[in-house]
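The values are calculated or read from the model by the stated rules, or taken from the named source; none is laboratory data. The structure presented is a predicted model; accordingly, all values stated were derived computationally and were not measured. Positions of Cβ are generated from backbone atoms using ideal geometry, with glycine treated the same way; all protein chains shown enter the neighbour counts.
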């Protein structure tokens, strides 16, 4: 059967599927004089316009519009389909009366099915009986038995200027068959599609402006911070500046981040910084220590399980991937997981889907993954203890955390930070760290990194009985030969006494601006003894004349 196409440049004929009637769509339809609208149409458009203008949430206002045309125009299954700019496919933005599963299935390529044809051609379509039309794909499966009643399908393009950005479609049951009413409905939907296009453009513009303001605000906050410093992370060394730079480069992306470095270097703090400085900051931040759980429990902890999935599974458990939906999941000690868990984790990283234990249903997840390890994963891959494919999936954006011995200029900064923290927590009035104690802190090699320094300063605060942290307050492991003037036994009584004595003399010189006479009086000893001790410990009194207070 031959059907008629009409356009602004004249008329042409073309053979199409026998059950599709392409309605007239010309530029003249936009002229007010050529459009006859019934009173009920005006009333319906008025209600829809109020809905579209009253919200900045696209789904909310479109949902209200589709509800209005169902109640006032008897148009069912009102659906707005918009082109996804990322995939180029048509995806349902709102579908009144269609469940979430149906909306998820309702994806079309341009040119596919009736909706795809409308978007590709830019022309509206009426399908008199969708049960008889093979091009009607019914992907949403929302209509049940199509042959049970004579149901028609109307679809019009949504235009932004001359560009088609989507389609508006409805179901309609004409009890007396296709008539002039169908043409009137098509004109009504064409006007409605113009309102939807304007609303979509308005809301997208507002959202883009808000996102631009958010990004600009984050940018300004970073520029105002000291050398791009991240909150809760202490350090101004060149090594840490590189870490800050890497964080800022990846913070707003969805790329998987792999934190490398020795234990105690602050990988957890970086993971938190990546989350709380990102656009996911309002969503959950979930931490899983992979080395703390056995294989069976780790799998259940990550993916969850159904009731009865295994012995002891008395109820359904929601896994960490579901709990972290929309946010960040931090997998600490990722190098310790077993091969079985590695296989399942690989599927989640690749497909962003997983299954609960005891369930065959796939669950999609929108989670940003951050992993951390202190292991040499490259060697683990060579030894077949870590899957190579999972390694490359995780190692998208590696960030190396330097050990404390490679950032010695940060040791004093960190020590003072922990001093202030634990003094405040314990309501102590400790104001400073003595020079000999600083020397001991800087000379130590810190195998436990920042965590060891933190524990060291907490201990020093707890045992300090003055306003100054001195060498005797530091752990025995720091009492090295270099810090106690070449004594062979750092744990001996004489070494501790000499260190304490040197500390007292330096403190006296600082308070008395390097004046040895006043220092002797301050320490209740003679000038001769002070001079002897200064020479013994190689102390230079001159350097305290300006710097002391």
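Filter segment 296-329 down to the residues that are surrounded by 12 or more Cβ atoms within 10 Å (Cβ to Cβ) and assigned to a helix (DSSP H, G or I) and list them by number. Within segment 296-329, 296, 298, 299, 300, 301, 302, 303, 320, 321, 322, 323 qualify. Filtering segment 414-448 to residues that are closer than 13 Å to residue 234 by Cβ and touching a residue at least 40 places away in the same chain (Cβ under 8 Å) leaves 414, 415, 417, 418, 419. Summed over segment 436-476, residues that are outside any helix (DSSP H, G or I) and within 12 Å of residue 414 (Cβ to Cβ) total 1. You will find that of 369, 414, 394, 377, the residue that is within 24 Å of residue 273 (Cα to Cα) and not assigned by TED's automatic domain parsing to the domain that holds residue 280 is 414 and no other.
Give me a count of the residues in segment 330-340 that are part of a loop (DSSP other than H, G, I, E, B) and more than 17 Å from residue 300 (Cβ to Cβ).
Our first condition is that a residue be part of a loop (DSSP other than H, G, I, E, B); within segment 330-340, this holds for 333, 337-338.
Checking the rest, the ones that are also more than 17 Å from residue 300 (Cβ to Cβ) come to 333.
Going through segment 330-340 one residue at a time, the tally reaches 1.
Looking at the structure I just gave you, is residue 348 surrounded by fewer than 17 Cβ atoms within 10 Å (Cβ to Cβ) and either in the same structural domain as residue 392 (by TED's automatic domain parsing) or in a helix (DSSP H, G or I) (or both)? Spelling it out, it is not the case that residue 348 is surrounded by fewer than 17 Cβ atoms within 10 Å (Cβ to Cβ) and either in the same structural domain as residue 392 (by TED's automatic domain parsing) or in a helix (DSSP H, G or I) (or both). When residues in segment 161-171 are screened for being at pLDDT below 85 and either at positive phi or assigned to a strand (DSSP E or B) (or both), 1 of them pass.
Does residue 240 fit the bill of being within 18 Å of the chain's Cα centre (by Cα) and outside any loop (DSSP other than H, G, I, E, B)?
Numbers: within 18 Å of the chain's Cα centre (by Cα): no; outside any loop (DSSP other than H, G, I, E, B): yes.
When the stated conditions are applied, residue 240 does not pass them.
Residue 341 meets the conditions (1) under 17 Å from the mean Cα position of the chain (by Cα); (2) under 18 Å from residue 293 (Cβ atoms) in every case but one. The failed one is (1). Restricting segment 391-413 to residues that are touching a strand residue (DSSP E or B) at 6+ places or on another chain (Cβ under 8 Å) and within 13 Å of residue 234 (Cα to Cα) leaves a set whose member that is modelled with the lowest pLDDT is 412. Taking each residue of segment 204-222 that is farther than 17 Å from residue 247 by Cβ and looking for partners that are in a helix (DSSP H, G or I) and at pLDDT 75 or above with beta-carbon atoms closer than 9 Å, six or more apart or interchain, yields 204/58; 207/58.
Is segment 283-299 home to any residue that is in contact (Cβ under 8 Å) with a residue 60 or more places away in the chain and in the same structural domain as residue 248 (by TED's automatic domain parsing)? Walk me through it before giving the result.
We begin by selecting, within segment 283-299, every residue in contact (Cβ under 8 Å) with a residue 60 or more places away in the chain; these are none.
For segment 283-299, residues in contact (Cβ under 8 Å) with a residue 60 or more places away in the chain and in the same structural domain as residue 248 (by TED's automatic domain parsing): absent.
Screening segment 1-106 for strands (runs of 3 or more DSSP E) wholly inside it with 1 or more residues that are at pLDDT 80 or above returns the ranges 76-83, 90-95.
Residue-wise test of (1) on the phi < 0 side of the Ramachandran plot; (2) surrounded by 15 or more Cβ atoms within 10 Å (Cβ to Cβ); (3) modelled with pLDDT of 90 or more.
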{"site": "467", "(1), (2), (3)": "yes, no, no"}
{"site": "483", "(1), (2), (3)": "yes, yes, no"}
{"site": "487", "(1), (2), (3)": "yes, yes, no"}
{"site": "490", "(1), (2), (3)": "yes, yes, no"}
{"site": "505", "(1), (2), (3)": "yes, yes, no"}
{"site": "508", "(1), (2), (3)": "yes, yes, no"}
{"site": "514", "(1), (2), (3)": "no, yes, no"}
{"site": "523", "(1), (2), (3)": "yes, yes, no"}
{"site": "529", "(1), (2), (3)": "yes, no, no"}
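Residues in segment 492-503 that are farther than 15 Å from residue 434 by Cβ and either modelled with pLDDT of 75 or more or in a helix (DSSP H, G or I) (or both): 493, 494, 495, 497.
Cβ-Cβ contacts under 9 Å between residues 6 or more apart (or on different chains), taken from a first residue in segment 325-337 that is not assigned by TED's automatic domain parsing to the domain that holds residue 375 to a second residue that is at pLDDT 90 or above, are absent. Note on segment 122-143: among residues that are crowded, with 16+ Cβ neighbours inside 10 Å and in a helix (DSSP H, G or I), the one that is modelled with the lowest pLDDT is 131.
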